[in-house]
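Okay, so here's the structure we're looking at.
The values are calculated or read from the model by the stated rules, or taken from the named source; none is laboratory data. Nothing here was measured: the structure is a model prediction, and the numbers come from that model. Cβ: placed from backbone, ideal geometry, glycine included. Neighbour counts: every protein chain shown. Heavy atoms of the whole protein, side chains included, go into the accessibility calculation; ligands, DNA and RNA do not. Shrake-Rupley method; radii C 1.70, N 1.55, O 1.52, S 1.80 Å.
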Amino acid sequence: MTVPGKLTFAAPRRAKPPRHLADLAPAERKAAVVDLGEKPFRATQLSTHYFSHLVDDPAAMTDLPSATRDLLARELLPPLLTPVRHLTCDGGATRKSVWRLFDGATVESVLMRYPDRVTMCVSSQAGCGMNCPFCATGQAGLTRNMSAAEIVEQVVAGARSLRRGELADGPQRSDRISNVVFMGMGEPLANYRAVVTAVRRLTDPAPDGLGLSQRNITVSTVGLVPAVERLTDENLKVTLAVSLHAPDDELRDTLVPVNTRWKVAEVLDAAWRFADRTSRRVSIEYAMIKDINDQAWRADLLGQLLKGHLVHVNLIPLNPTPGSKWTASRPADEREFVRRRESHGVPVTVRDTRGREIDGACGQLAATS
Ligand code: SAH
């Protein structure tokens, strides 16, 4: 693990997670199957079992001869996530899972069931190197990047749980995962290649992938400008969320330390280029911290920066984290902030924060085992 207290971009060198079907594009799967001495069509069978049937027991793949099944499962469907525990709240509609990875690193994911959708919040790194002082994940530093398959498997595991009825009953149409947000542990754009690969696996039509809509995937970032530019060039129709938290560099330098490298204006410029290219509304995340970033003048400054752009502001009442000296804004200050945002014509919502009681809300994921 790296030392907490400083920015870490490059992940420490560690043994790589085992190769998995979900790391590979469809053509690479065929090549891998052929390398193992099997017919290429076995790759499609395997993909159908994994992405469409969500199998986790190779014995269920009865259309494969047993020797082939054992070989392919061992080589291409290695177990990646071992459940440490599951915690539920909100009457069973929110479930946080703590997972142990092959090398003992732990990560968390959160499944949230709403009347009209089911959202899976996934981790993209074990730990995080961005060191934002109000976020629990940042406090322990970065352990390592996750592989694409480790990211995808969190969603597949959630989909399996829903299919098995492990979450509280909801209306029929929310028995499948509809949305994925990269808002768990880690800075997704610091693990760029694996995250983009995971987005493709999540959105490729079945059986090559899970078949989710790109529009229902949100990639959240502290604002790594070169990586936002790279993402813009992928032309993926995902939602980009920028964790801004302050409209001025002086404060943002302290709340989001990477701001010392890429300033508010540069981050927003990169976000607007993403919006122009993709026609997707950018989401600005703003944790409301009492007497720190919730003053009326900051609301006005934020309004000036965002006015006229394809943007939506998500205010997140600050969630408590261990050792943090900050708390959420007073309700009256929050209301005034919202009013000022709206007076600039910038749409704003206050996020209904799920999972606080189980340390599963924004900024609370620390995977202490
Ligand atoms: N590293 C990425 C992905 C994490 S998303 C990013 O920062 O965008 C998690 C979101 O929760 C981010 O917007 C983050 O700033 C916010 N957050 C972190 N700690 C929080 C806290 N204590 N209360 C509310 N939101 C928090």
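Take A59 and decide whether it is in a helix (DSSP H, G or I) and at pLDDT below 95.
Yes: the conditions hold for A59.
From the residues in the stretch 210-242 that are open to solvent by 10 Å² or more (accessible area, probe 1.4 Å) and under 13 Å from the mean Cα position of the chain (by Cα), which one is nearest to C132 (Cα to Cα)? Of everything passing the filter in the stretch 210-242, V222 is nearest to C132 (Cα to Cα).
None of V311, V350 is open to solvent by 30 Å² or more (accessible area, probe 1.4 Å), under 20 Å from F182 (Cα atoms) and either within 16 Å of the ligand (Cβ to nearest atom) or among the acidic types (D, E) (or both) except V350.
May I ask you to verify whether T203 is of a type in the set (S, T, N, Q), under 30 Å from S279 (Cα atoms), within 14 Å of the ligand (Cβ to nearest atom) and surrounded by 18 or more Cβ atoms within 10 Å (Cβ to Cβ)? So T203 does not fit the description; no.
L54 - would you say it is in a loop (DSSP other than H, G, I, E, B) and either surrounded by 20 or more Cβ atoms within 10 Å (Cβ to Cβ) or not hydrophobic (A, V, I, L, M, F, W, C) (or both)? In short, no. Which one of these does L244 not meet: (1) closer than 28 Å to K6 by Cβ; (2) at pLDDT below 95? Of (1) closer than 28 Å to K6 by Cβ; (2) at pLDDT below 95, only one is false for L244: (2).
Within the stretch 292-305, can one find any residue that is out of contact with any Asp or Glu (no Cβ under 8 Å at 6 or more places or on another chain), in the same structural domain as R252 (by TED's automatic domain parsing) and closer than 27 Å to W99 by Cα? The answer is no; no qualifying residue exists. Looking at the structure I just gave you, is L301 within 17 Å of S220 (Cα to Cα) and more than 16 Å from the ligand (Cβ to nearest atom)? In short, no. Report, ordered by the first and then the second residue, all pairs with beta carbons closer than 9 Å, sequence separation of six or more or different chains, a first member in the stretch 341-369 that is assigned to a strand (DSSP E or B), and a second member that is away from the ligand (no atom under 14 Å from the Cβ). Taking only residues 6 or more apart or on different chains, the pairs are V348/F337; V348/V338; V348/R341; V348/E342; T349/V338; V350/V338.
Once the stretch 106-123 is narrowed to residues that are open to solvent by less than 10 Å² (accessible area, probe 1.4 Å) and in a loop (DSSP other than H, G, I, E, B), the residue that is nearest to P257 (Cα to Cα) is S123. When the criteria are applied in full, G308 fails the requirement of being in the same structural domain as T221 (by TED's automatic domain parsing), at pLDDT 90 or above and either touching a helix residue (DSSP H, G or I) at 6+ places or on another chain (Cβ under 7 Å) or of a type in the set (V, I, T) (or both).
Whether any residue in the stretch 60-70 is without any contact (Cβ under 8 Å) to a residue 24 or more places away in the chain and under 25 Å from L167 (Cα atoms) is what I want to check. The answer is yes, given that some residue of the stretch 60-70 is without any contact (Cβ under 8 Å) to a residue 24 or more places away in the chain and under 25 Å from L167 (Cα atoms).
Can P17 be described as modelled with pLDDT of 95 or more, within 22 Å of N145 (Cβ to Cβ) and loosely packed, with under 15 Cβ neighbours inside 10 Å? Spelling it out, it is not the case that P17 is modelled with pLDDT of 95 or more, within 22 Å of N145 (Cβ to Cβ) and loosely packed, with under 15 Cβ neighbours inside 10 Å. Among the candidates A198, A190, A194, A149, the residue that is buried (at least 20 other Cβ atoms within 10 Å of the Cβ), assigned to a helix (DSSP H, G or I) and in contact with a Gly (Cβ under 8 Å, 6 or more places away or on another chain) is uniquely A190. Within the stretch 124-136, identify whether any single residue is among the hydrophobic types (A, V, I, L, M, F, W, C), assigned by TED's automatic domain parsing to the domain that holds R160 and assigned to a helix (DSSP H, G or I), and answer yes or no. Looking for residues that are among the hydrophobic types (A, V, I, L, M, F, W, C), assigned by TED's automatic domain parsing to the domain that holds R160 and assigned to a helix (DSSP H, G or I), one finds at least one in the stretch 124-136, hence yes. Cβ-Cβ distances below 6 Å connect no pair with a first residue in the stretch 120-137 that is without any contact (Cβ under 8 Å) to a residue 60 or more places away in the chain, a second residue that is surrounded by fewer than 24 Cβ atoms within 10 Å (Cβ to Cβ) and not β-branched (V, I, T), and a separation of six or more residues or different chains. Scanning the stretch 248-292 for residues that are within 15 Å of V222 (Cβ to Cβ), away from the ligand (no atom under 12 Å from the Cβ) and part of a loop (DSSP other than H, G, I, E, B) returns R261, W262, K263.
Of all the criteria given as (1) away from the ligand (no atom under 15 Å from the Cβ); (2) touching a residue at least 12 places away in the same chain (Cβ under 8 Å), the one not satisfied by V225 is (1).
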